[in-house]
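Worksheet: one structure, shown below.
Just so you know, all these numbers are worked out from the coordinates, no wet-lab data involved. Small disclaimer: the values here were computed from a predicted structure and weren't measured. Every residue, glycine among them, receives a Cβ derived from its backbone with ideal geometry; neighbour counts consider all protein chains shown.
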Amino acid sequence: TLLFATLSDRLSATFKNLRGKGRLSEADIDATAREIRIALLEADVALPVVKDFVAAVKERARGEEVSQALNPAQQVVKIVNEELIEILGGETRRLRYAKTGPTVIMLAGLQGAGKTTLAAKLALWLKDQGKAPLLVACDLQRPNAVQQLQVNGEKVGVPVFAPEPGNGTGDPVSVAKASIEEAKRKLHDVVIVDTAGRLGVDAEMMAQAAGIRDAVQPDEVLFVVDAMIGQDALTTAQAFLDGVGYDGVVLTKLDGDARGGAALSIRQVTGRPVMFASTGEKLTDFDVFHPDRMASRILD
Ligand code: GDP
């Protein structure tokens, strides 16, 4: 992807320097580690993540048993690949469904992160898995957010529960509560609650999201974050972790051409796995996040 174009180029240049070497000397390993460090820093990966990453690669490159099948350059590529998968979360973290009653998924994040778009994408994806989702419009802050969700809901053929007489009093918490009753009545098995964001981290927004969370007791709270905003994504991620808490992360705008360091750091920084990725404005530009596939794309 474009997001990792520079990182990919840098890493492949590093690996190229190792090609044809019979055995890696200590100096080769140091030089390689230095280049990987620079590549990651230039890609805007958070410093503590870079440090751990480089230390792990170095240690393994030194200790790695000499494999008959791989030359030293391939050996290093293999190590970097495995460490990338590791910082991206290892295994794919799948959605957890409720054992009884509708599964409630709540979305939180800043305004412009792509939550409302993501809500519809997720609904479409769930529908394709045979689920019967209900979209819930609890972003009553941003003008047009409700309408945007309705338009997108229509596009993906998923009903939208929005504030109107009988659907809560127009405050997001009561709309959210009423939506769960609606889901039970209409036999929806997944409820996706879109919430309001602000342009920046804001105490009132956090309190509102926490209020919705308490009211609907979500099975999954997903933090939606724009991968293009760089290190700010990490600060925001931490603020939402403290203010609302969440189980997983959704990276949006992975089709962008910014440096992808935030995407590479967020798992380590928050301790929460990236579960989904959004890769464009079309409602089908969405997928489960697979750390191994992302790593191979970076090393492609
Ligand atoms: P919200 O304020 O968090 O609900 O954000 P929106 O869903 O309204 O998205 C903000 C803008 O980002 C809209 O113009 C979307 O079309 C756009 N957008 C959302 N997701 C993506 C994505 O994955 N890639 C790109 N390129 N644009 C996106």
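Over all other residues within a Cβ to Cβ distance under 14 Å of Glu182, the charged ones net out to +1, with Lys and Arg as +1 and Asp and Glu as -1. Estimate the FRET efficiency between Val151 and Lys186 by the formula 1/(1 + (r/R0)^6), using the beta-carbon distance for r and 22 Å for R0, to the nearest 0.05. The calculated FRET efficiency here is 0.60. With 0.36 nm allotted per residue and the present C-alpha distance subtracted, the Ala207-Lys177 stretch has 9.2 nm of extension available. Annotation: peptides 55-63, 119-127, ranked by per-residue average of other Cβ atoms within 10 Å with the highest first, follow the order 119-127, 55-63. Cross-linked pairs Lys127/Lys253; Lys127/Lys155; Lys121/Lys253; Lys131/Lys177; Lys155/Lys184; Lys51/Lys253: Cα-Cα separations exceed 19 Å for Lys127/Lys253; Lys131/Lys177; Lys155/Lys184; Lys51/Lys253. Estimated from the Cβ-Cβ distance and a Förster radius of 41 angstrom, the FRET efficiency linking Asp128 and Leu41 is about 0.55. Charge dipole (Cα centre; +1 on Lys/Arg Cβ, -1 on Asp/Glu Cβ; no other charges) of region 1-55 amounts to roughly 220 debye. Each label was represented as a point 7 Å from its Cα along the Cα-to-Cβ direction; for Glu164 and Arg23 these points are 7.7 nm apart. Applying 0.36 nm per residue to the separation of Lys16 and Arg142 and subtracting their alpha-carbon distance, the gain on full extension is 40.4 nm. Shown is the FRET efficiency for Asp52 and Ala98, computed with R0 = 35 Å from the Cβ-Cβ distance and rounded to the nearest 0.05: 0.50.
Look at the dipole of region 114-170 built from charges on Cβ: of Pro133, Asn144, Ala162, the Cα furthest out on the positive end belongs to Pro133. Each Lys and Arg Cβ is given +1 and each Asp and Glu Cβ -1; about its Cα centre, the chain then shows a dipole of about 500 debye.
Fully extending the segment from Lys282 to Ala31 would add 86.1 nm, taking 0.36 nm per residue of separation and subtracting the current Cα-Cα distance.
Using the Karplus relation 6.51 cos²θ - 1.76 cosθ + 1.60 with θ = phi - 60°, the per-residue 3J(HN,Hα) values for region 215-231 come to 6, 9, 6, x, 6, 9, 9, 10, 8, 9, 9, 6, 5, 7, 8, x, 4 Hz, with x marking Gly and Pro. Distance between the modelled labels on Leu70 and Glu82, one decimal in nanometres: 0.6 nm (7 Å Cα→Cβ projection).
Relative to the Cα centre, the charge distribution of region 51-109, modelled as +1 at Lys and Arg Cβ and -1 at Asp and Glu Cβ, gives a dipole magnitude of about 340 debye.
When the helices in the chain are scored as -39500 (n - 2.57) per DSSP H run of 4 or longer and the sum is shared across all residues, what 222 nm value do you end up with, to the nearest 500 deg cm²/dmol? Using -39500 (n - 2.57) per qualifying helix, the result is -16000 deg cm²/dmol.
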